[in-house]
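One structure is given here, and the rest of the page talks about it.
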Amino acid sequence: MKNIPACLLTCAALMMTSTTMRPEAADAGTRFRALADQYFSDVMFRFGPTNATAAGFHQYDSKLEDYSRAGLDADIAALKEFEWKFDDFPEAGLDESTKADLAIMRSQVRSNLLELETVRPWQKNPDTYSSGISNSAFVLMERDFAPADERLRSLIAREKQMPAVFTQARANLEDPPRIYTEIALEQLPGIIDFFRHDVVEAFKAAKDPATIAEFQKTNAQVIAALEGYERWLKTDLLPKSNGDFRIGADTFRKKLLYDDMVDTPLDRLLQIGYDDLHRNQAEFKRIAKEIDPNKTPKEVLAELDALHPAPDQLMQSFHNTFTGLIAFINAKKIITIPSTVEPTLEETPPFMRATTQASMDTPGPYEKHSTTAYFNVTLPEKDWTATRTDEYMAAFNRGTIVSTSVHEAYPGHYVQFLWVNHGNLSAVRKLTGSSTNIEGWAHYCEQMMLDEGYNQPGVAAKDERESQLIRLGQLQDALLRDARFVVGIRMHTQTMSLEQAEDFFVNEGYQSRPIAEVETKRGTADPTYLYYTLGKLEIMKLRSDLQSKEGTSFSLEKFHDAFMRQGGAPIRIVRKALLGDDSPTL
């Protein structure tokens, strides 16, 4: 038997005793699982068929999201029905893990209702539609879960429904924030090229002439619809885009509560963000002074920023980190890696490039036929000036390449994915996830790996100077997340402007201007992107508290493995499972 924490063994024993002594417990658990499955099929996948395809449920592959008001109203009505069903479901007879799943489902439903009824991206964000249909095509083309002709027929079925999406967009969009319309316009040329070139290339293995001919027709119609939408956004909607992107303090609090079970008051959260920012700035300055006492921290950062690969070597630079990371994790017993298969590096899809530099795209938990995971990297655009390209590539310096590989792959998101696919998790834990858990874990790993010695000479670095530069890169990434923490709260609940947010990323987060622009844009539509630092701090406190409780028996590998066994549950739930109490997460 592997090293399983005593608390998990106790829980397992209690579960077995409960099932043996009280048959009604099994009945209650079975009824809850049936209700959760009904929610996934009748709401999550019925109204989000793209999510179903991504999760590995291919009976939805020919369907497309209904963006009409009637479709949106039906979605809201279904969510409210399940809100009542989950609220009314009795907790008596459920084991602790299933009680936690019930709490997750209650939050999940309320989160979706808040998004549809209050945040209302379908009314405020033009990119919802153009990037939405792009993703619906992408999930059919990125993995060979079925023969090319079969997947192409599903794409044709979806493409036939896509032009109507832009009719629905014109009816739904009302006084959007200007920044949202600008982002949509920024992404549309890449999206049009995506359908014109990438989608066609992805299905070149298709053989049936009739299917190919029909695809050429539907794909041309989608391209024409996108071009028409682009013209409409420029000439009609942009001049009318005077709305406010801010969601306000009340919605911000609810979003944190429903998405991540975080109820910390906003003023305290903001102080937590500033405190972490100042700690990381002080550490950055300390290390920069050790590197060169005659330079300012910004001058040392400029030296670090210059240590980046050429754009055409960026993918290989990330891949080169994998072997060393895996060897270090295994040697130091950081965490169990359930598979020796590595992720595949590829360029970020066009509809994601305006707001992300790197990401991990893993197959769904129920995908059985194509299990490749993709490490996406956003390369500079070919039409950028040399100066802009160099400024952008500064974000991929020697240190941040290491921390990004840790975050996205080992032992970050990719290892999380491996645990989900190889673990014995409930459908609730497989199909839902809290950002403070998922992104918090990956961000926590960036610091944890260096704290455990990965950046030392002879491991990831050639000498002490390079070791210090790697730590500066990790701190720069931490400052980026700290800046998100502060900017998200201040932009959406106070009066911070877009220009002030960009300046904050540059001056306080130590980021280049192009990165600051990308991060500010993202924050307008991703208000609670403080979940990186927030989750990291919650995990660090959980580890410290568990270490105090277990004393000399504490094992880092045992803790990390136990954390993974909880899936993507909010840290509040993970904390109760591992510590056995409801003590504060922060």
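The values are calculated or read from the model by the stated rules, or taken from the named source; none is laboratory data. In this text the structure is predicted, and so the values were computed from the model without any measurement. Cβ coordinates were reconstructed from backbone atoms using ideal geometry, including for glycine residues, and neighbour counts include every protein chain displayed.
Only one of the numbered conditions (1) more than 24 Å from residue 356 (Cβ to Cβ); (2) part of a helix (DSSP H, G or I); (3) in contact (Cβ under 8 Å) with a residue 60 or more places away in the chain is violated by residue 199, and that is (1). Just one of the numbered conditions (1) assigned to a loop (DSSP other than H, G, I, E, B); (2) free of Cβ contacts under 8 Å to residues at least 60 places away in the same chain; (3) closer than 30 Å to residue 118 by Cα is not true of residue 246: (2). Residues satisfying the criterion are present in the stretch 330-337 (criterion: on the phi > 0 side of the Ramachandran plot, assigned by TED's automatic domain parsing to the domain that holds residue 520 and at pLDDT 90 or above). Of the residues making up the stretch 454-482, just one is small (Gly, Ala, Ser) and farther than 16 Å from residue 400 by Cα, namely 458.
In the stretch 455-492, the qualifying residues are those that are basic (Lys, Arg) and in contact (Cβ under 8 Å) with a residue 12 or more places away in the chain, and the one that is nearest to residue 529 (Cα to Cα) is 484.
Of all positions in the stretch 476-491, none carries a residue that is part of a helix (DSSP H, G or I), within 20 Å of residue 304 (Cβ to Cβ) and touching a strand residue (DSSP E or B) at 6+ places or on another chain (Cβ under 7 Å). Cβ separations smaller than 8 Å between residues 6+ apart or across chains give the following pairs from the stretch 366-378 residues that are free of Cβ contacts under 8 Å to residues at least 60 places away in the same chain to residues that are in a loop (DSSP other than H, G, I, E, B) and of a type in the set (S, T, N, Q): 373/362; 376/348; 376/356; 378/348; 378/356; 378/357. Of the helices (runs of 4 or more DSSP H) contained entirely in the stretch 252-325, those carrying at least 3 residues that are under 22 Å from residue 489 (Cα atoms), modelled with pLDDT of 95 or more and within 28 Å of the chain's Cα centre (by Cα) fall at 266-291. Looking only at the stretch 451-464, decide whether some residue is modelled with pLDDT of 95 or more and in a helix (DSSP H, G or I). The answer is yes, given that some residue of the stretch 451-464 is modelled with pLDDT of 95 or more and in a helix (DSSP H, G or I).
Against the list (1) modelled with pLDDT under 95; (2) surrounded by fewer than 16 Cβ atoms within 10 Å (Cβ to Cβ), the condition residue 18 fails is (2). Among the residues of the stretch 164-218, write down those that are farther than 27 Å from residue 348 by Cβ and touching a Leu at 6+ places or on another chain (Cβ under 7 Å). Correct list: 211 only. Take residue 81 and decide whether it is surrounded by fewer than 17 Cβ atoms within 10 Å (Cβ to Cβ), not in a helix (DSSP H, G or I) and not β-branched (Val, Ile, Thr). Considered against the rule, which asks whether it is surrounded by fewer than 17 Cβ atoms within 10 Å (Cβ to Cβ), not in a helix (DSSP H, G or I) and not β-branched (Val, Ile, Thr), residue 81 comes out as no.
Of all residues in the stretch 157-168, those that are surrounded by 20 or more Cβ atoms within 10 Å (Cβ to Cβ) and closer than 20 Å to residue 205 by Cα total 2.
Let's see how each residue does on (1) within 29 Å of residue 429 (Cβ to Cβ); (2) surrounded by fewer than 20 Cβ atoms within 10 Å (Cβ to Cβ); (3) not β-branched (Val, Ile, Thr):
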{"residue": "99", "(1), (2), (3)": "yes, yes, yes"}
{"residue": "104", "(1), (2), (3)": "yes, no, no"}
{"residue": "108", "(1), (2), (3)": "yes, no, yes"}
{"residue": "124", "(1), (2), (3)": "no, no, yes"}
{"residue": "131", "(1), (2), (3)": "yes, no, yes"}
{"residue": "135", "(1), (2), (3)": "yes, yes, yes"}
{"residue": "146", "(1), (2), (3)": "yes, yes, yes"}
{"residue": "151", "(1), (2), (3)": "yes, no, yes"}
{"residue": "155", "(1), (2), (3)": "no, no, yes"}
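Quick check: is even one residue across the stretch 42-57 over 30 Å from residue 215 (Cβ atoms) and modelled with pLDDT of 95 or more? Yes, there is a match, as at least one residue in the stretch 42-57 is over 30 Å from residue 215 (Cβ atoms) and modelled with pLDDT of 95 or more.
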